Structures are given as structure tokens and as C-alpha cells.
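Input: a single structure, listed below in C-alpha cells.
The values are calculated or read from the model by the stated rules, or taken from the named source; none is laboratory data. The model shown is predicted, which means the values in this text are computed figures rather than measured ones. Backbone-built Cβ (ideal geometry, glycine too); neighbour counts: all protein chains shown. Just the protein is used for accessible areas: all its heavy atoms, side chains included, with ligands, DNA and RNA removed. Shrake-Rupley method; radii C 1.70, N 1.55, O 1.52, S 1.80 Å.
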Amino acid sequence: MSLGGLWGCGGGGGGNTPASTGDTANTGSQGASGTTTEGSGGGSSGGDTTATGVPTLGQCQLFPANAIFNTRIDDLPVHSNSTQWVSDVGGAVAFHPDWGDTEDAYADDYYGIPWNLVDGTAATTDWPLTAMWWPDESNCGIRQGDGSMGVRQDCSAVTDQARFPFPKTGWKIEGGYKDSNDGDRHVLVVETGACRLWETGNAYKQADGSWQVGDIAMWDLNANTMRPAGWTSADAAGLPLLPLLVKADEAASGEIKHALRVTFRNPLMADRAYVWPASHYAGNDGSGNIPFGALLRLKAGVTIPDNWGTQAKAIAVAMQRYGLYVADNGSNLYVQGEPSVRWDPNLIAQLKTLKMSDFEFVDTSGITSRAGFDARSYAVPAR
């Protein structure tokens, strides 16, 4: 049974309309140390949290505790444009959980965005040559003299050497293994040996074992370094996907301690506009008002029904506490999660009772005006 809708989440495929190259500051270290995990292949094992509450996967934190995605925003004021932006979308538009309850990657109803865990070594990880459509806004793996994999920023000069980590077996891709051009075909990988997050989209494996992808984005998960200003990622807004996905086991734990991602139709998006923590805009015909990176929140006054399941309650509370970042063009009020057999069968019907009028846009100037704020960092300065 499909829990999610057919494509319309907007992933990152639409996110590659080039913007100004802007700031080309370094995207972070080329391999902060982390804990190596055993095994290979794609993890759909759900999220975990550290003792400090930071979400983790493969024993790697999904950004530091003070990253904006891991920071509660329920005390921030409503944006002055919230009423207009909600009206632009339409107050009656229903919330749409865009994921499914099958893990069969050959099935027609395989919906959602999975991820992979590798340790980066030859035992679990292939680093095939990878051709990119947008190498100038990409990071890529480059083999070093000692055999280790370094990271190159701006891969336009090394397109014949560029690499991306794929699991040797069991790799997982958005849209599954069907021979189809539908969807954004994201591949998300946590390289646990270095605690690096790699993401790409429009990914197609070629007959010779190489890959054709749109672009490659890499983040050091132990740092708060953003993409360079004007750079895309596998997402239109230049944001990471994996930390913002809804994960079944995490929701089943009863508490989600991070923000989510949401999409809206391109005509509603402001033309050539993004706000922190985004680094990029997409589309060339946006005539609306909502900038990429805008923060949406479920209103505190929305009562979560007692008869909702644990997962639905956890998702609703996360949207009140941490919010949802406008990440890409797509269908209105679509929120992305993983495909998993562990979803509560009542979850979708419960969440779909929420409407756009139950949400509001948030004014983040209380963060961006603080002393110590760095527009090129995800870090939230202390008060």
C-alpha cells in the first residue's frame, strides 16, 4: 500500500538552475574524524540520538547541537509576511506526508527518500568515476597519493577524476531500481569513517559501472559549514536532505529533535531569492513571495489529538518545536520521509487532517541579528 503521493516532492532536480556563484568559501574540512561502523549497504534503520539529544546515524551526529536544524524555534515570532504567504498557498491545502510503507525498491509504490551507510573503505564502499552536469558547484572525492579519499571543492577541473561513495551492495536510491526517469533519484550517503554526508540527485548508473549525476554536495557532519553562497546541493535551496527527512524509527521513539523539509509549487516561490540557512534558489519563473530557506511552523495552538499514534504525534510536535525549511520546488505542503515498513498504517490519514492554515511562517531575525552570527554557518549563536 502506498502511503505517499507520486512524485511532486521536488527533490533536488529542480534545484540546479545556476545562481550567481557568489562566495566560494571552503565548505569545511576534508574529513573530520568519526567512528567507523561495520557493514555496507543502505541504512533504513531509523535515526538515533546522542546523550545530548543530537540526531545521529551510523554513530555520526547529523550536524552539531547548535546547528539551526537541531535548534528549537518555537519561541521565535511570526513572520510579518506569514498571513500573505499562507494565503498564497491556500489555507485549505492539506498536509501531505510524501513517503511510503514498502521497502521493495522494485515496487511501483516505493515512495520516499532512503539513505545509505558506508565506512568509506574498500570493504564496503565503491568510489566509481562520476560525471556531473554541474561540476562547478560540486564537491567530489579525489583519490590521494596515500590511497585515501580527499574532497575537492569545485570539480570543474577534475571531471575525469571525480568520485562519489556508493555501497558495494544494497545501495538505495530515491525512486528505486525501476528503469524510469521519474523523480529526482537522490542518493544520500553517510560516510561513517569520516562522518561526511554526501548527497546527489538525478543519479543514473551507466553500463560501465560509472555514474551520471546532477551535482555532488558534501558536508562535514562535525561542522556547521554551509555550502558556498549561490551553490546548489541535491536540493534547490542548497540544504542537506538527510538531516531533514522524517524517519520511521525516530518518530516511533516518540520524539524527533530536528527540523523537517517542505516544498511548494514554483509559482509561489520568490524569484531569485533565498534566505539563511539556504544558499541557492531555483526556477526562472517564480512570481510568488516565499524565499527558499523560509521557515514554516505548525502553530502552537493546534491541538494534537489524543488518539493519534506515537509517530504522528512526534512529527506534529517536531513541526511545532523545530519547524520545516522550504527546501525545493514541488507540490504544496509536501513533507519528505523515508520508505519504511515500520510506518504506522494510520499515520497518513492522521497527518492529512492538518491544513496550511494550521501553519505559520517564522521570523528568524532574532537569530540572524545576534552577536556572533555568521551567515556562512548553520550555527545558532548563544543568546
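Annotations
- Residues (under 19 Å from MET269 (Cα atoms) and of a type in the set (Asp, Glu)) located in segment 85-115: ASP88
- Yes/no for ALA371 being in a loop (DSSP other than H, G, I, E, B) and either surrounded by fewer than 18 Cβ atoms within 10 Å (Cβ to Cβ) or among the aliphatic types (A, V, I, L, M) (or both): yes
- Any hit, segment 230-242, residues being acidic (Asp, Glu) and part of a loop (DSSP other than H, G, I, E, B): yes
- All positions within segment 150-206 that are among the small types (Gly, Ala, Ser) and over 23 Å from GLY100 (Cβ atoms): GLY150, SER156, ALA157, ALA162, GLY193, ALA194
- Residues within segment 152-199 that are within 19 Å of ALA105 (Cβ to Cβ), aliphatic (A, V, I, L, M) and without any contact (Cβ under 8 Å) to a residue 24 or more places away in the chain, tallied: 0
- Pair list, Cβ < 8 Å and 6+ apart or interchain, from segment 125-139 residues that are more than 13 Å from ARG152 (Cβ to Cβ) to residues that are buried (at least 19 other Cβ atoms within 10 Å of the Cβ) and among the hydroxyl-bearing types (Ser, Thr, Tyr): THR125/SER40; TRP134/THR232
- Taking the numbered list (1) at pLDDT 95 or above; (2) under 22 Å from the mean Cα position of the chain (by Cα); (3) surrounded by fewer than 24 Cβ atoms within 10 Å (Cβ to Cβ) in turn, SER156 passes all entries but (2).
- Residue in segment 314-332 that is over 25 Å from GLU103 (Cβ atoms) and either without any contact (Cβ under 8 Å) to a residue 40 or more places away in the chain or open to solvent by 60 Å² or more (accessible area, probe 1.4 Å) (or both) present: yes
- Residue check for PHE63: touching a helix residue (DSSP H, G or I) at 6+ places or on another chain (Cβ under 8 Å), in a loop (DSSP other than H, G, I, E, B), open to solvent by less than 20 Å² (accessible area, probe 1.4 Å) and closer than 23 Å to LEU244 by Cβ: yes
- Subset of segment 253-268 that is polar (S, T, N, Q) and closer than 21 Å to PHE69 by Cα - its residue that is least open to solvent (accessible area, probe 1.4 Å): THR263
- From the list ASP88, ASP101, ASP75, the one residue that fits, being surrounded by fewer than 23 Cβ atoms within 10 Å (Cβ to Cβ) and outside any loop (DSSP other than H, G, I, E, B), is ASP88.
- Of everything in segment 159-170 that is open to solvent by 10 Å² or more (accessible area, probe 1.4 Å) and touching a Pro at 6+ places or on another chain (Cβ under 8 Å), the residue that is farthest from SER210 (Cα to Cα) is THR159.
- The set of residues in segment 269-311 that are buried (at least 23 other Cβ atoms within 10 Å of the Cβ), part of a helix (DSSP H, G or I) and without any contact (Cβ under 8 Å) to a residue 60 or more places away in the chain is empty.
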